[in-house]
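Have a look at the structure below before the remarks.
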Amino acid sequence: MIFKVLQYIRGYLRIRITGYSAERFLNACRHRGIQLWDMCSVHDSYEMNISIRGFRKVKPIVKKTGVKIIIIERKGLPFFLYQYRKRKLFFVGAGVFFLLIYSLSTFVWSIDIRGNLTRTDETLLEFLNTKKVRNGMRLSAVDCSRIVKDIRKEYDDIIWVSASIEGTRLIIQIKENQDVIQADAKEEEENVKPTDIVADMDCVVTSIVTRKGIAQIEEGASIKSGDILVSGQVPVNNDAGETVGYRYQESDADIYGQTTISYEDKQSLIFEEKIPVAYGGKGTEKAEKYECFFRIGDFRIGFGDVKNEYEHFEQYSSEKRIKLFDNFYLPISYGEKRAVSYNLKEKKYKKKELQSILSERFNQYCEDLEKKGVEIIGNDVKIYTGSKEAAAKGTLTVIRPVGTKKASQPIEIPKSAEENEQSGEEMNGNSGNSD
Amino acid sequence: MKTRIQEHPFKNRIAEASELPKDVVMGQPVVTVLGRTEMNIENYRGIIEYTDVMIRIQTKIGQIRITGKNLRVDYYTNDDMKLTGQIEAIEYQK
């Protein structure tokens, strides 16, 4: 295939050879490295292809062997160009083509970001845009090391960046730090501030599991909002059972309490329904207006118009920007607008409809609670229908997580400073026990 | 009849001892036939006669005569040549 393309570009001739010692001619050609191909014998003569360069060297051989040579056909690009040499615009076009290809290849056509897991392409592209790195910029203006530095400076959790240019693409490879949380935890251990867990509502505690801190309540205790449930200050006792100090911790516990929630939901019986105005044929006003438009930059061409004198109407519009490849947005967009007229009509809900609306909303409410970790153990919500509105009222009995974290008030150590100093050694010695 | 290999027993022995390919050492022709429509010949000296039913090729060990129908030479270079067409017989001649 490549061989044939090359032959076409270089150009070749189809020749016919007649004469007594045609075979001698073939061997002589071979000897001088003149390539011949697609040879066949027709009656007393041979037909074959020969390259233009080969044909120029063939003259002495023709003389020597005394064969007659006839050119049957000229093929290939050189002959093609010669034939159309007077079509100047063709050559201008070809020149412009190559010029365009060359000039267009000096711009960034797409920015490819790889390895970003927690940040979207859009965020990073937006950031790059503020640094004047964007699609359509000149390739020569791209400073890869600058981009790398900028990204590293802006984002702390991106630990490695590589920017490179491949053809007309700017490729940015990123490695994000996935051990952020662990590193933070270590830091915190060294410098812990005591935090308590404080009740955020009145309830009866049904279960408590403490992981860090000291529980101040037991299962079955009824608590009030503001009570400390878990203390973040763990007392350190000496041998005598006296508290000599406190070890600070960030309290962590799962506490569940039983409580009741009141629920109320109302729904008016009357509602307005939108009825689209049907097109009534000739004479009546058309109930819909339509416009499609095409926008290049700030210049906008529209066909049709959505201006109208409808009493009520809904307007829909959509616009789409044209893009090349994945993220090269051109300043060209197209879209459509539609205004649909409608009339309002008052209607009353039927009893069944009301029930389904209210119970659906109640179910949705329950589902939302369950998503938050709230377990519903009983409900007495009922639907009441009045003359103007219907309502769902009642209470829910639930078991839900209790407690919010709050910085603890430091507890004074109930001993004088002098004694503290004396017992300092003791404390150190017994720290194993007190833990 | 004495073949050329027998004429050069020394060269033959060297080729066999050194395990070098004989087409390189002895200059013997390599004929590769694909089915009965294609044929490659390397290490030849030249075409002696060529018509569309018969081709005679000179090689170091003598002539190779190929008969058939619609015989064409696809290419013909210093190293090798390729024949296509309906091949009927391949004969070695002295």
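The values are calculated or read from the model by the stated rules, or taken from the named source; none is laboratory data. None of these values were measured; they are calculated from a predicted model. A quick note on method: Cβ atoms are made from the backbone with ideal geometry, for glycine too, and the neighbour counts reach across all protein chains shown.
Here are the numbers for this structure:
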| quantity | calculated |
| --- | --- |
| Residue check for A:E314: of a type in the set (D, E) and either surrounded by 11 or more Cβ atoms within 10 Å (Cβ to Cβ) or modelled with pLDDT of 80 or more (or both) | yes |
| Test set (1) under 29 Å from A:R30 (Cα atoms); (2) without any contact (Cβ under 8 Å) to a residue 24 or more places away in the chain; (3) of a type in the set (A, V, I, L, M) - A:V62 fails condition number | (2) |
| Those residues of the range A:101-131 which are part of a helix (DSSP H, G or I) and in contact with a strand residue (DSSP E or B) (Cβ under 8 Å, 6 or more places away or on another chain), in sequence order | A:D121, A:L124, A:L125, A:L128 |
| Qualifying residues in the range A:389-399 (those that are surrounded by fewer than 20 Cβ atoms within 10 Å (Cβ to Cβ) and touching a Ser or Thr at 6+ places or on another chain (Cβ under 7 Å)) - the one farthest from A:M201 (Cα to Cα) | A:E389 |
| A:L125 being among the aliphatic types (A, V, I, L, M) and surrounded by 14 or more Cβ atoms within 10 Å (Cβ to Cβ) | yes |
| Any hit, the range B:53-70, residues being without any contact (Cβ under 8 Å) to a residue 12 or more places away in the chain, more than 14 Å from chain A (Cβ to nearest Cβ) and either surrounded by 15 or more Cβ atoms within 10 Å (Cβ to Cβ) or part of a strand (DSSP E or B) (or both) | no |
| Matching residues, the range B:71-93, being within 12 Å of chain A (Cβ to nearest Cβ) and either under 12 Å from the mean Cα position of the chain (by Cα) or of a type outside the set (S, T, Y) (or both) | B:L71, B:R72, B:V73, B:D74, B:N78, B:D79, B:D80, B:M81, B:K82, B:L83, B:G85 |
| Residues within the range B:16-52 that are part of a loop (DSSP other than H, G, I, E, B) and either within 14 Å of chain A (Cβ to nearest Cβ) or over 20 Å from A:R30 (Cα atoms) (or both), tallied | 10 |
| Only listed residue being within 20 Å of A:S21 (Cα to Cα), free of Cβ contacts under 8 Å to residues at least 60 places away in the same chain and in contact with a Gly (Cβ under 9 Å, 6 or more places away or on another chain), chosen from B:N43, B:N78 | B:N78 |
| Residue in the range A:320-334 that is modelled with pLDDT of 85 or more and hydroxyl-bearing (S, T, Y) present | yes |
| Candidates B:I57, B:I87, B:I66, filtered to the one that is within 15 Å of A:E23 (Cα to Cα), touching a strand residue (DSSP E or B) at 6+ places or on another chain (Cβ under 9 Å), β-branched (V, I, T) and modelled with pLDDT of 90 or more | B:I57 |
| Strands (runs of 3 or more DSSP E) lying entirely in the range A:268-383 (those with 3 or more residues that are under 30 Å from A:R400 (Cα atoms)) | A:375-379 |
| Among the candidates A:S51, A:S103, residue that is within 58 Å of the chain's Cα centre (by Cα), among the polar types (S, T, N, Q) and away from chain B (no Cβ under 14 Å) | A:S103 |
| Matching residues, the range A:317-354, being hydroxyl-bearing (S, T, Y) and either surrounded by 12 or more Cβ atoms within 10 Å (Cβ to Cβ) or touching a helix residue (DSSP H, G or I) at 6+ places or on another chain (Cβ under 7 Å) (or both) | A:S317, A:Y329, A:S333, A:Y334, A:S341, A:Y342, A:Y349 |
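Okay, residues lined up against (1) more than 26 Å from A:N49 (Cα to Cα); (2) aliphatic (A, V, I, L, M); (3) out of contact with any Cys (no Cβ under 7 Å at 6 or more places or on another chain):
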| position | (1), (2), (3) |
| --- | --- |
| B:S18 | yes, no, yes |
| B:D23 | yes, no, yes |
| B:M26 | yes, yes, yes |
| B:D52 | no, no, no |
| B:I55 | no, yes, yes |
| B:I66 | no, yes, yes |
| B:D74 | no, no, yes |
| B:D79 | no, no, yes |
